[in-house]
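One structure below.
The values are calculated or read from the model by the stated rules, or taken from the named source; none is laboratory data. From a predicted model like this one, the values you see are computed outputs, not experimental measurements. In this analysis, Cβ positions are derived from the backbone assuming ideal geometry, glycine residues included, and neighbour counts consider all displayed protein chains. Calculation scope for accessible area: heavy atoms of the full protein, side chains included, ligands and nucleic acids excluded. Shrake-Rupley method; radii C 1.70, N 1.55, O 1.52, S 1.80 Å.
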Amino acid sequence: MTTTDSPALQLQSGDIRLRASARNKEDAIVKVAEVLAQNGCIHPDYANSMLARERQANTFLGNGIAIPHGKPENRDLILRTGVAVLQLTEAVEWNPGQDVRVVVGIAAKSDEHLSILAALTDVLDDPARAEHLAQTEDPEDIIAALQGGGQAAASVPVETDANALTAEVVVVGIHGLHARPASVLAEVAGRFESDQRIHYKGKRANAKAMASILKLGAGPEANVLLEVIGPDAAEALAALEEAIASGLGDGEEPEPAPAKTVRAWTPVSELGSIGGVTACPGLALGPVFRLAGADIVVQDTPGEPASEETAFTNAIAAASRQLDELYQTFSARAGKADAAIFRAHLALVQDTEARDEVCALTDAGHSAAWAWQETVKKRVAEFAEIEDERLAARAADWHDVGQRVLRILTGRDEATINLPDDPVILLAEDLAPSETARLDPARILGVCTALGGPTSHTAILARSLDIPALVGMGQGLADLKNGAVTILDATSGHLYLEPAEADIESAKSFQDELRALREEEQDTRFQPAVLTDGYRVEVVANIGKPEDAAAAVETGAEGVGLMRTEFLFLGRASAPDEEEQFEAYSTMIKALRGLPLIIRTLDIGGDKGVPYIAVPKEDNPFLGVRGIRLCLAQPEIFLPQLRAIYRATVFGPVKIMFPMIATLEDLRAAKELAERVRREIDVPPIEIGIMVEIPSAVLMAEELAKEADFFSIGTNDLTQYALAMDRLHASLGKYVDGLHPAVLRLISQTVRAAKSNGKWVGVCGGIAGEPLGAAILTGLGVKELSMSLPAVAGVKAALRRLSLSQADALAKSALAASTANEVRQLTLP
């Protein structure tokens, strides 16, 4: 089979500026953007996007070359794909220790530029060629260098071996072949002796090497071609197909951490500040301390090839042990999900292609340390080229892994980060995952980094450790001296400088109030959410696996308002049978000890798929066969689940909830099947409700309320359907806010319809777990709030401080607002 890519971009002399000058990195980026704008490639505002991307990701490649480019969400400012080259007479410092003479500005609307990026990788392997580009006075030299090599990688068809077995598969999951799925796929491939390749858009990857898979840049719904040749090819191909179809462990996105019940702190004085992006909210007060972190750079000082290879093998083994220990330690401290990055790093350290390249270089007479350095440098450059920010972030992971092994090879490995004896607010250009994991929360008051974004590993790990943190703060941090006292308000996104004594005292008082509030919430978590005037709201939990049921009771939840049954169906090759489901549901009912359990029937489709349920490929799966539509279309899946639920009702109070109800016909058909099963099993009737998450269900709420026993509003889906914005979209996700007035008005309409028919309404979306959202929903008439476990205590405490009249007034103000931001400016009484 043959695959092809887009035609290669042709550089012209007008795309190149020789003998230019720039004051600094930012000035160089602005000037290369001006060339792109003059050539009709970008809107001038795209320069700001290039500067913003640089604050989150280092675009320095090496050998004096950098490739600044904009953020994917600003691609609408690109008029056509283009590349501009700025050759500087004097080098500018891109980052400490990184001088740049050649700036290659990129505006990529599609993938025509990939041939130039491939050629740049070749230039990085040849310092002499890179130096020539920095000094030449002939633009044709640059054109020849950037178009003379690498084009085959982007545009020449790739042919599979005539003796190979092949299969086309579609990548499922939320984000495609990012780090976790790629590591799982490489692990599956490594079980077989055969050679396995993955083809995508003219690129080919070794299926046994995670880094190689990541370089494909294959996103969700990507069509990839598997090619396998060798003695166990048939078994290997079947295993790879099954693994990809099962989602490679990339199931539902975890719920975001609940917003803390934090009132805003306001400085007493007029203070200067440096802004940043909130990674973990909170307030910290104390001296700053800059983490000194110079990269290890080695010269090529080779020994005997055999001894160099032995040293490298030992270093890889030692690094693997360290990463495994980090994973185990961090799992115990923050949970396996947040520790997963160290599993991904372990896969990079053990990458077979990288190890083969290093061994080839040591055989050729180079030192192991230099060979590893060059191999990692090449991969960092390759990943920095990828437009998908999630995949491009793997460049930082390669750098972290590279430095770990270099420290071992050079005898400079350090087990701890040296910090002052007294706690500090840590400043850094960026923090590698291994550095963040070694931070002692007792000695770190807060973290501020110049680079990074809210989804970076620094941000994720800081949230896991509950350390107030700001990222993406820019180079302004470099001006702060060690020991300078600051106030870090990571909730509002500011590091306040030179606070007055009154500000310090105010911040300390604020911290004391928050600490007392947290302790009170935990101490009173088992008390019901009874408002000051006696009105009661039921606060329950969203759970997704059997062990969560007992945990829900411990957090103070008064039952389970949403039990997602997908955990039984995802990540396997065949559907769970009735008995397996019965055991799971029974276990949860017993763990709740008489508290109510609402079981949502299977909600597969859209962003979730399984290999054993045949669903035709859809251009827009979120508007296709999913939820109740899928269950009605495939009763062989639906009926065993209904039987298992009804059988389990003998152990405690259970309700059934159908997802994605769009029409009255949907509800009637589902109820008819449920009633048939109930009669067969011969158990008493139970309440049957529906998820309200489609605007049509809101508009038909009067009719639906006559036939459903209750409503549970799924605000996450309702918001994205109402606003026509995917909540996982890279640039639109931040606007998908359940507190948007349009969504709140839909909720209000639903509650009115239910109330007029004597039915109750719950909410199981994200805003139910926010104190502000919970108060507004209570004022709208919502009777039950279902949320993630960590949010239960805080929401119950916040509601106990309110009266129903206050909640009602808050709801009316929210309904009258014009934007989500206006709603979020409202404050709890």
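A few remarks follow.
- A search for C-beta distances below 9 Å between a residue of region 554-574 that is more than 28 Å from E538 (Cβ to Cβ) and any residue that is hydroxyl-bearing (S, T, Y), counting only pairs 6+ apart in sequence or on different chains, returns F569/Y612; L570/S246; G571/S246; R572/S246; R572/Y612; A573/S246; A573/Y612; S574/Y612.
- For region 204-242, a residue qualifies if it is at pLDDT below 80 and in contact with a helix residue (DSSP H, G or I) (Cβ under 7 Å, 6 or more places away or on another chain), and the qualifying residues are A209, M210, A211, S212, I213, L214, K215, G217.
- Of all residues in region 249-290, those that are farther than 27 Å from R515 by Cβ, modelled with pLDDT of 70 or more and outside any strand (DSSP E or B) total 1.
- Of all residues in region 49-80, those being open to solvent by 40 Å² or more (accessible area, probe 1.4 Å), modelled with pLDDT under 75 and closer than 23 Å to Q373 by Cα number 1.
- Candidates A697, A662 - the one that is within 21 Å of E566 (Cβ to Cβ), outside any helix (DSSP H, G or I), within 31 Å of the chain's Cα centre (by Cα) and of a type outside the set (V, I, T): A662
- Subset of region 381-434 [touching a helix residue (DSSP H, G or I) at 6+ places or on another chain (Cβ under 7 Å), among the β-branched types (V, I, T) and modelled with pLDDT of 70 or more]: V401, V405, I408, T410
- Among residues of region 435-476 being open to solvent by less than 20 Å² (accessible area, probe 1.4 Å) and touching an Asp or Glu at 6+ places or on another chain (Cβ under 6 Å), the one that is modelled with the lowest pLDDT is G452.
- Qualifying residue in region 773-784 (condition: assigned to a helix (DSSP H, G or I) and without any contact (Cβ under 8 Å) to a residue 12 or more places away in the chain): no
- When residues of region 613-633 are limited to those that are surrounded by 14 or more Cβ atoms within 10 Å (Cβ to Cβ) and over 22 Å from L718 (Cβ atoms), the one modelled with the lowest pLDDT: V615
- Any chance G758 is without any contact (Cβ under 8 Å) to a residue 60 or more places away in the chain and in contact with a Gly (Cβ under 6 Å, 6 or more places away or on another chain): no
Here is a yes/no grid of residues against (1) in contact with a strand residue (DSSP E or B) (Cβ under 9 Å, 6 or more places away or on another chain); (2) closer than 30 Å to G272 by Cβ; (3) without any contact (Cβ under 8 Å) to a residue 40 or more places away in the chain; (4) of a type in the set (G, A, S):
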residue: A484; (1), (2), (3), (4): yes, yes, no, yes
residue: I487; (1), (2), (3), (4): yes, yes, no, no
residue: K508; (1), (2), (3), (4): yes, yes, no, no
residue: K545; (1), (2), (3), (4): yes, no, yes, no
residue: E578; (1), (2), (3), (4): no, no, no, no
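- When the criteria are applied in full, A797 meets the requirement of being closer than 14 Å to A768 by Cα, buried (at least 16 other Cβ atoms within 10 Å of the Cβ), out of contact with any Phe, Trp or Tyr (no Cβ under 9 Å at 6 or more places or on another chain) and among the small types (G, A, S).
- Scope region 189-207; condition open to solvent by 10 Å² or more (accessible area, probe 1.4 Å) and under 24 Å from the mean Cα position of the chain (by Cα); matching residues: Y200
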